[in-house]
Amino acid sequence: MRVLWLCNLILPEIAQALGLPSIPKEGWVAGLFDALLQREGDIRIGLCFPVSDPAHAGSGTVRPKAHPEREVSYYAFPEDTASPERYDPALEGHLKGILQSFSPDLVHCFGTEYPHTLAMARAFGRPEKLLISVQGVMDVYAERYFSNLPERVRDSVTLRDLLKRDTLRRQQEKFEIRAGFERQALSLALHHGGRTSFDRGLSERTNPHAVYHHLGETLRREFYEAAKDPEEGTPRYPHRIFVSQADYPIKGFHYLLEAAGELQKTWPDLEIAAAGQDVTGGGSLKRRILIGAYGRELKRLLRKYGLQDRVHFLGRLDAAGMIREYRTCGVYLCCSSIENSPNSLGEAMLLGTPVVAARVGGIPDMCLPEEGTLYECGADDPQDTVAEALRKALEEVFRDPDRAAAKTVPARAHARKSYDPERNVTALLDTYRSMN
């Protein structure tokens, strides 16, 4: 059986073989690919993915370093992924060429966040042989984009926003456009993949005729190795909070800064570590000048509560960097206003890190009350109400660390089951065979 995967990014194994830079994002696809290559069988996987530089477009075969006995076909097509709200009809032509070259029995698209999934659904034209795995849920993301920010922030415009024509209002509009692409793509596929009641709801409301397949995610190899010895003698800083992203409103970093203003009064050693870019204008003069509206609001909150020396932006982290943060922080926090199944939450649970998360989207399926501390983040709640709920959840962990540590035992067991590579690959292969 020949299965063509459509991915949002080049997988690290392929990037390494081609001498191209890889991006440590969407690690669940890389983890699944690695686990699949370890299986013997009659499945031949081809990979296609977008590249922003047309000079890198092309096709060929590679032998991944970790699996040199397996030959993998790859196809890189040009796409402006920096503008995912624009649909380029030329994508359909590129993808038709790939389909003719690889001649797949099935096509599996990972995610609906970019227009190439809709282009593939149109180019392939065989809905009974098309599987789309939902990653984010764009229509609800569009609704929750502002994450309870007040109108004065939503309407705020900076020099950077004017130059790029990219205000917060415009960013939310782009999500609505992408949600439209998502609905169209799912309507053209008779097989949907997901893992939460939240994404199953998207499947049912966009295409009630589609078959929904429960397909668990698989983490990168490094996390399973680290989970064999979750502590490894690393000292934890009990009042260090780690978040995996903080660069746009959905990630809810403004809630945390509001909560931290009070928390620091009781815990003077409070620290916040955030993976990803610093959007508050730290660093060069150019970055300070070209700050966006959301970054400016975060900067205002940092100053208001005197948190400048407590908040550390860590830049993009690879698997080793994420593992280090999970092991040294006192609590991992997912303060997003909406998520489907954030892998960072699963990684933290697998490694035995105490977790706090908003009770939104698919998170209640991932983390039960006995496995972590959940708090309310309603769509209509004022920002300070959500921040207060978050503060109380973090205080619960800080005041009773033994109870928080006890919750990590069932959390690890849940994560081991949810992210079991063998179990997840078997489910995927069963799905492919049922479609063929």
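Grab the DSSP H runs of the chain that are 4 residues or longer, score each as -39,500 (n - 2.57), total them, divide by all residues and round the 222 nm result to the nearest 500 deg cm²/dmol.
The per-residue figure over the chain is -13500 deg cm²/dmol.
Helix 168-187 against the longest principal axis of the chain: what's the angle in degrees, Cα atoms only, rounded to the nearest 10?
The helix 168-187 is inclined about 30 degrees to the chain.
Does the stretch 1-132 come out rounded, prolate or oblate, given a ≥ b ≥ c as the square roots of the eigenvalues of its C-alpha gyration tensor, rounded meaning a/c under 1.5 and, failing that, prolate meaning a/b above b/c?
It is oblate, given that a/c is not under 1.5 and a/b is not larger than b/c.
Out of the DSSP beta bridges found with both residues in the chain, what percent are antiparallel (nearest 5)?
Taking every DSSP beta bridge with both residues in the chain, the antiparallel ones total about 10 percent.
What is the helix-to-structure angle for 115-124, meaning the angle in degrees between its Cα long axis and the longest Cα principal axis of the chain, kept from 0 to 90 and rounded to the nearest 10?
20 degrees
Take every DSSP beta bridge whose two residues both sit in the stretch 221-418, then give the antiparallel share in percent to the nearest 5.
Antiparallel: roughly 5 percent of the beta bridges in the stretch 221-418.
Order by neighbour count: 138, 1, 366, fewest other Cβ atoms within 10 Å first, most last.
Ranked by crowding around the Cβ, least crowded first: 1, 138, 366.
Can you list which of the GluC sites (Glu not before Pro) found in the stretch 39-127 are DSSP loop residues with at most 10 other C-beta atoms within 10 Å?
Those satisfying the criteria are 40, 69.
Kirkwood Rh, the stretch 148-196, all Cα pairs: how many Å?
13.3 Å
Check cross-link reach from residue 65 to the aspartates and glutamates: straight Cα distance under 20 Å, and skip same-chain residues fewer than eight apart.
Counting by Cα, and skipping residues close in sequence, residue 65 has these aspartates and glutamates nearby: 13, 26, 34, 40, 222, 225, 318.
Do you know the relative contact order of the stretch 160-268, to the nearest whole percent, from alpha carbon pairs under 8 angstrom that are 6+ apart?
Taking the mean separation of contacting Cα pairs over the length of the stretch 160-268, I get 15 percent.
Return, for the Cα atoms of the stretch 183-224, the radius of gyration and Dmax in Å, separated by a comma.
That works out to 12.5, 39 Å for Rg and Dmax.
Compute from the Cα atoms of the chain the Rg and the Dmax, the latter being the longest Cα-Cα distance, and quote both in angstrom.
21.6, 64
Out of every Cα pair in the stretch 221-418, what percent are spaced more than 20 Å from each other?
53 percent
For residue 129, give me every one of the aspartates and glutamates with a C-alpha distance below 15 angstrom, ignoring sequence neighbours fewer than eight places off in its own chain.
Within the straight-line cut-off, residue 129 pairs with 105, 430.
What's the lysine pair count for the stretch 221-418 at a Cα cut-off below 23 Å, pairs eight or more apart or interchain?
Going through the stretch 221-418 pair by pair, I get 12.
Tell me the relative contact order for the chain as a rounded percent, counting alpha carbon contacts under 8 Å between residues six or more apart.
Once normalised by length, the contact order is 16 percent.
Nearest 10 degrees, 0 to 90: what angle lies between the long axis of helix 383-399 and the longest principal axis of the chain (Cα atoms)?
Roughly 80 degrees, rounded to the nearest 10.
Looking at the chain as a GNM with Cα springs under 10 Å, which of 133, 83, 73 has the largest mean-square fluctuation?
83
At 7 Å along Cα-to-Cβ for each site, give me the label-to-label distance between residue 420 and residue 237 in nm.
So the two model labels end up 3.7 nm from each other.
Rule-based calculations on the coordinates, nothing more; no lab input. Because the structure is predicted, anything quoted here is derived from the model rather than measured. Heads up, the Cβs are rebuilt from the backbone with ideal geometry, glycines too, and the neighbour counts pull from every protein chain shown.
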